[in-house]
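Reviewing the structure listed below.
The values are calculated or read from the model by the stated rules, or taken from the named source; none is laboratory data. Everything numeric here is computed off the predicted structure, so don't read it as measured data. Quick reminder, even Gly has a Cβ in these numbers, built from the backbone with ideal geometry, and neighbours come from all protein chains shown.
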Amino acid sequence: MEETDQIPEVNFQNRQKKAFEFEIVSNKEFLVNHPPEDHDPFRPHRLQYYAIIFIEKGQGYHFIDFKRYPYKEGSIIFVAKDQVHAFEKNFDRAASFLLFTEKFLERSSLGSNLMHHLTLYNYQLYAPVLQLPNKKTINIITTLVNQIEAEFLTTDDFATEEIIQSALKILLCMAERVRKSNIVISPSSLYYKDFITFQALLKKHLFETRQVKFYADKMMISTKKLNRITQEIKNQAAKNYINDLLIIEIKRLLTNTALSIKEISYKTGFEEPTNFVKYFKKYTNLTPVEFRKQI
């Protein structure tokens, strides 16, 4: 990554001139015919909205939060707001991109609360690529996507937003059903709600402290129980989970050269930049500078 580069933060654009913040577009239209003008989709960029990429044909890899995830026909890729992602070079798969904002959900009867009840966008807990199990399910999702596209392109705009919101809700709920049938951890698990509470606390306090006791005290439980919760849900100690999450957040900040290494170290809770460098290298085998250069 050159020193003059800066990972773009991509806001939703109403390219189709619709009043609501939703768009559905094919990969050819988005990447070839009318590629974005404000960023290179084949280089890391951070979304300020949600994306669903439905792979209709072909296979390959997608890059999300500095990891490479394989996909194939019938895969659905979920990219959450604030995640860093990039398309592979020469992306020529048959795919549909569904792009939408929180505001689009909040205006609907399904509401933004739906996102908090779904595991699909809980990227700290589950992989972002969901593989549909069979041809029947793929056909159902394909039909839903086609109906959403037809409604989006209709010249009669009466109730268009509401119809798309309803169809999107069905798509998300069906995908959630597939996800739940494939996972060992169920939202009904004894520790699941406690783990979600832990996640919420980390989102708020991660840059303040990495101490397990701090979070256990906030949850009014012992550190032993918090470790039992993370072992049950993530198969790792609470401290390791905290470190994994912090490393992801540091990597996101490092892709933005507007912030110096020193500034990032202070922002993420380190009193000395040297300690920050040692911490990052311990978990990545790279210094922050080396990581930036390889992006």
Review point. Quick one: would you say Ala95 is surrounded by 15 or more Cβ atoms within 10 Å (Cβ to Cβ), under 23 Å from Ile148 (Cα atoms), among the aliphatic types (A, V, I, L, M) and touching a Gly at 6+ places or on another chain (Cβ under 8 Å)?
Key: yes
Review point. What tally of residues in the stretch 145-160 results from selecting those that are acidic (Asp, Glu) and at pLDDT below 90?
Key: 2
Exercise for review: List every residue pair whose Cβ atoms lie under 8 Å apart, where the two residues are 6 or more positions apart in sequence or sit on different chains, the first residue falls within the stretch 242-256 and is in contact (Cβ under 8 Å) with a residue 60 or more places away in the chain and basic (Lys, Arg), and the second residue, located anywhere, is in a helix (DSSP H, G or I) and crowded, with 18+ Cβ neighbours inside 10 Å.
Suggested key: Lys251/Phe291
Check your understanding: Are there any pairs with C-beta distances below 6 angstrom linking a residue in the stretch 205-228 that is free of Cβ contacts under 8 Å to residues at least 40 places away in the same chain to a residue that is part of a loop (DSSP other than H, G, I, E, B) and of a type outside the set (Gly, Ala, Ser), with the two at least 6 apart or on different chains, and if so which?
Key -> none
Practice item. Report, by residue number, each residue of the stretch 248-278 that is of a type in the set (Ser, Thr, Tyr) and touching a Phe, Trp or Tyr at 6+ places or on another chain (Cβ under 7 Å). Key: Ser265, Thr268
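Among the residues of the stretch 108-144, write down those that are among the polar types (S, T, N, Q), modelled with pLDDT under 75 and more than 16 Å from Arg177 (Cα to Cα).
Result: Ser108, Ser109, Ser112, Asn113.
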Review point. Picking from Leu190, Leu202, Leu153, which residue would you name as being without any contact (Cβ under 8 Å) to a residue 12 or more places away in the chain and farther than 25 Å from Tyr61 by Cβ?
Key: Leu153
Review point. Which residue, of Phe54, Phe87, is at pLDDT 95 or above and under 16 Å from Phe30 (Cα atoms)?
Key: Phe54
Exercise for review: Return a yes/no flag: does the stretch 18-26 have any residue that is at pLDDT below 85 and outside any loop (DSSP other than H, G, I, E, B).
Suggested key: no
Check your understanding: Within the stretch 57-71, can one find any residue that is touching a helix residue (DSSP H, G or I) at 6+ places or on another chain (Cβ under 9 Å) and closer than 15 Å to Ala95 by Cβ?
Key -> no
Check your understanding: Out of the residues in the stretch 246-266 that are within 22 Å of the chain's Cα centre (by Cα) and among the charged types (D, E, K, R), which is farthest from Lys293 (Cα to Cα)?
Key -> Glu249
Revision key, fill the gap. Note on the stretch 46-60: residues part of a strand (DSSP E or B) and either within 21 Å of Val178 (Cα to Cα) or touching a residue at least 60 places away in the same chain (Cβ under 8 Å) (or both) are Arg46, Tyr50, Ala51, Ile52, Ile53, Phe54, Ile55, Glu56, Lys57
Revision key, fill the gap. When the stretch 43-85 is checked residue by residue, the ones that are surrounded by fewer than 20 Cβ atoms within 10 Å (Cβ to Cβ), of a type outside the set (A, V, I, L, M) and either under 23 Å from Met174 (Cβ atoms) or not assigned by TED's automatic domain parsing to the domain that holds Ala167 (or both) are Glu56, Lys57, Gly58, Gln59, Tyr69, Pro70, Lys72, Glu73, Lys81, Gln83
Practice item. Give just the number: which of (1) of a type outside the set (Val, Ile, Thr); (2) in contact with a strand residue (DSSP E or B) (Cβ under 6 Å, 6 or more places away or on another chain); (3) in contact (Cβ under 8 Å) with a residue 24 or more places away in the chain does Phe66 not satisfy? Key: (2)
Exercise for review: List every residue pair whose Cβ atoms lie under 7 Å apart, where the two residues are 6 or more positions apart in sequence or sit on different chains, the first residue falls within the stretch 76-90 and is over 14 Å from Tyr123 (Cα atoms), and the second residue, located anywhere, is part of a strand (DSSP E or B) and modelled with pLDDT under 90.
Suggested key: Ala86/His45
